[in-house]
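These notes are about the structure you will find just below.
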Amino acid sequence: MISSVFNAAFFEPLLNGLVFLINILPFHDVGFAIVILTIIVRFIIFPLNHRAIVTQQKIKQLEPALQDIKDKYKKDNQEQAKKTMELYRQHGVNPFSGFVTLLIQIPIIFALYKVFSAGVHFDPAHIYSFMHVPQNYNLNFLGLFDLTDKSYVLGFIVGATQFFQMQLAVPPIKKREAGAVNSFKDDLARNMNIQMRYVMPVLIFFIVSRLSGGIAVYWTTMNVFAIIHEFIVRKKADKIMQKNNGKAETNNKIAD
């Protein structure tokens, strides 16, 4: 039952979208069809991603205030959590929005993976009756990569783009202060940060290098889209922050 719903709601629409793009593209290029389909899907779920990224940027801007709360109520975890949630409410931040966004995207990501994981296989059972199944199509992407084969070069590109995407998405690693005693929570957060930045891209390189080239093209497209999106949101957030700091300095001068 679950498999049937998943196929009907996610897998088959994406598979038929890929078939449609292959049919209309010059030379029936599968690689470019994968790129275009991935971008279309990213634009469809763009509002969800955008909200999550904006929330991340807001939380980064609130880090000084969050640290003050942590220092002030370090011996009272309950009060610390209460004041933190009050701060989030004051600034319209929902810290759980990223988790909700991820949950909504999971079936879409799995469906895309299923479309590309077997190379290119157009099972008539999943193709709509009004859709023309392509007989001849180009699997040699950019004249360099066979999308049905494994590729360490494409795997490296995926790992590299994942690395740059993590540099934008993950908060900076905080320097350890001399003589400071960090809690288990702080050490855990620091270790997770390091693993997300450096270990995850390497792990993804090894995973993708053992999969078809179609998966690598899809994953690279997702990463590049995310990098551009993160960069734009960060630039806008920095401008807003500079503007707010400028107003604060002006108000302080007037008050003096």
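Below are the figures for this structure:
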read-out	value
Which listed residue is at pLDDT 75 or above and in a loop (DSSP other than H, G, I, E, B), from LYS82, LYS70, LYS75	LYS75
Among residues of segment 1-48, those that are of a type in the set (Phe, Trp, Tyr) and within 26 Å of ILE232 (Cβ to Cβ), counted	3
Count of residues meeting criterion [in a helix (DSSP H, G or I), open to solvent by less than 70 Å² (accessible area, probe 1.4 Å) and either on the phi > 0 side of the Ramachandran plot or modelled with pLDDT of 75 or more (or both)] in segment 41-54	3
Sole exception among (1) under 15 Å from the mean Cα position of the chain (by Cα); (2) touching a residue at least 12 places away in the same chain (Cβ under 8 Å); (3) under 30 Å from PHE11 (Cβ atoms) for GLN57, by number	(3)
Looking only at segment 131-151, and only at residues there that are open to solvent by less than 40 Å² (accessible area, probe 1.4 Å) and closer than 14 Å to LEU211 by Cβ, the one that is modelled with the lowest pLDDT	LEU147
Residue selected from segment 189-212 under the condition open to solvent by less than 70 Å² (accessible area, probe 1.4 Å) and charged (D, E, K, R), by the criterion farthest from ASP149 (Cα to Cα)	ARG190
Residues within segment 55-73 that are surrounded by 11 or more Cβ atoms within 10 Å (Cβ to Cβ) and farther than 25 Å from HIS229 by Cα, tallied	8
Filter result (open to solvent by 60 Å² or more (accessible area, probe 1.4 Å) and more than 22 Å from the chain's Cα centre (by Cα)) within segment 9-22	PHE20
Failed item in (1) under 25 Å from the mean Cα position of the chain (by Cα); (2) modelled with pLDDT of 85 or more, with LEU25 passing the rest	(1)
Any hit, segment 177-191, residues being at pLDDT below 85, under 22 Å from HIS229 (Cβ atoms) and not in a loop (DSSP other than H, G, I, E, B)	no
The one condition in (1) in contact with a Phe, Trp or Tyr (Cβ under 9 Å, 6 or more places away or on another chain); (2) part of a helix (DSSP H, G or I) that ASN94 fails to fulfil	(2)
Selection from segment 26-40 of residues that are under 13 Å from ASN138 (Cα atoms) and surrounded by fewer than 17 Cβ atoms within 10 Å (Cβ to Cβ)	PRO26, PHE27
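The values are calculated or read from the model by the stated rules, or taken from the named source; none is laboratory data. Not measured: the values here are computed from a predicted model. We place every Cβ from the backbone using ideal geometry, glycine too, and count neighbours over all the protein chains shown. Surface accessibility is based on the protein's heavy atoms, side chains included, excluding ligands, DNA and RNA. Shrake-Rupley method; radii C 1.70, N 1.55, O 1.52, S 1.80 Å.
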